[in-house]
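The values are calculated or read from the model by the stated rules, or taken from the named source; none is laboratory data. Bear in mind the structure is a predicted one, so any value in this text is a computation, not a measurement. Quick reminder, even Gly has a Cβ in these numbers, built from the backbone with ideal geometry, and neighbours come from all protein chains shown.
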Amino acid sequence: MGKKISIIIPCYNEEEALSIVYGAVVTEMNQLADYDYELLLVNDGSSDNTLEKMKELANQNVHVKYYSFSRNFGKEAAIYAGLSNATGDYIVMMDADMQDPPALLPKMVAMLETGEYDCVATRRVTRTGEGVIRSFGARMFYKVIRKMTNINIADGARDYQMMTRQMVDSVLALTEYNRFSKGIFEWVGYRKTWLEFENVERAAGETKWSFWKLLLYSLEGIINFSNVPLNVSSYLGMGMTGVSFLAILFIIVRKLIFGDPVDGWASTVCIITFVGGIQLFCMGIMGQYLSKMYSEVKNRPHYIIQETNTVETKLNN
Ligand code: UDP
Ligand code: MG
């Protein structure tokens with residue numbers, strides 16, 4: 001047998017989509033007859049019959065491994081669990097809903113086989129079928145994160161990418177608790193090439209991301225990879241010190257010229273509230289970083305596997 005391909009699929013309430021994506025992936029893998037494969041299905045605390053579906057598939061097909069979390073830990077944790085347990089030479093992760101076309105798999109393998117790249121990533125060039133606000137928000141997010149960090153995440157980049165064993169080992173060396181995979185995949189470096197595809201709508205079920213969940217996730221991405229917000233607060237502090245210095249000068253000069261009129265109450269209150277607001281804002285930014293540090297320091301496992309059909313399972317980290 002030649003090389004082995006690991007396919008990781010994080011699943012959260014995907015009972016309908018799972019059999020569709022399974023069928024599509026197996027079709028592709030049967031075409032790649034020179035390669036062995038394993039399909040790692042990660043059940044991220046689904047409340048529907050996703051786990052039962054996984055067990056069925058595992059009974060049908062020896063290539064299927066499933067890992068079932070004790071609760072919903074989030075897609076990042078599911079990806080991490082998959083990467084930690086994957087044993088292949090080429091490792092790829094894809095969504096369960098067919099938005100990451102399995103038909104690209106043979107092409108990805110072929111591109112890695114040339115030896116010119118360590119990673120074949122994918123990006124959507126269209127966002128048809130997605131809400132206006134959501135695609136606008138997403139584009140803004142990529143702009144902001146490119147400006148504020150020194151990692152360059154392409155617009156429309158998916159988590160759907162195939163990496164070599166070496167690159168995955170590097171990704172796993174970053175054991176941080178607050179994970180933002182798109183940033184981590186860029187941070188580790190290596191030679192990357194892009195496949196582009198048109199957006200596909202979900203095959204079944206519905207999206208697991210609400211607007212707020214996405215917004216918080218993007219803030220996470222920025223805070224995990226950028227110190228700019230922290231710098232902003234020190235710049236603001238410096239700026240405000242300068243402004244208040246000028247204000248003090250102005251008040252002294254005015255007193256010397258005009259004596260001591262009793263008015264000036266309004267301007268005083270304005271300054272106090274403004275400065276107070278800036279201070280709270282800066283403390284809030286520091287609080288964000290502090291809370292990230294707190295969760296890192298606690299060093300909790302990324303996920304807890306309650307059930308699996310494999311023996312040598314990396315339960316966490
Ligand atoms: N997912 C997960 N845990 C979660 C949310 C999502 O494992 O808490 C999985 C989900 O099952 C799917 C993938 O992440 O395979 C992408 O989710 P979805 O399609 O809902 O996101 P969208 O495509 O709308 O951004
Ligand atoms: Mg989707």
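Do you know which residues across the range 189-215 are under 21 Å from Phe141 (Cβ atoms) and away from ligand 1 (no atom under 15 Å from the Cβ)?
The answer is Lys192, Trp194, Glu196.
Can you list residue pairs whose Cβ atoms sit under 7 Å apart, with the first residue in the range 189-218 being within 18 Å of Met163 (Cα to Cα) and free of Cβ contacts under 8 Å to residues at least 60 places away in the same chain and the second being in a loop (DSSP other than H, G, I, E, B) and within 16 Å of ligand 2 (Cβ to nearest atom)? Count only pairs 6 or more apart in sequence or on different chains.
none
Which residue, of Ile153, Ile145, is closer than 30 Å to Leu105 by Cβ, touching a Gly at 6+ places or on another chain (Cβ under 9 Å) and not in a helix (DSSP H, G or I)?
Residue meeting the stated conditions: Ile153.
Output the residues belonging to the range 155-176 that are surrounded by 17 or more Cβ atoms within 10 Å (Cβ to Cβ) and either touching a His at 6+ places or on another chain (Cβ under 7 Å) or not charged (D, E, K, R) (or both).
Across the range 155-176, the qualifying residues are Gly156, Ala157, Tyr160, Gln161, Met162, Met163, Thr164, Met167, Val168, Ser170, Val171.
Kindly list the number of the only condition in (1) within 16 Å of ligand 2 (Cβ to nearest atom); (2) at pLDDT 95 or above that fails for Leu18.
For Leu18, the failing item is (2).
Being within 12 Å of ligand 1 (Cβ to nearest atom) and either over 24 Å from Val200 (Cα atoms) or assigned to a helix (DSSP H, G or I) (or both): is that true of Arg127 here?
Here the answer is no, as Arg127 does not meet what is asked.
Take the residues of the range 83-99 that are more than 16 Å from Thr164 (Cβ to Cβ) and crowded, with 23+ Cβ neighbours inside 10 Å: which is nearest to ligand 2 (Cβ to nearest atom)?
My answer is Asp97.
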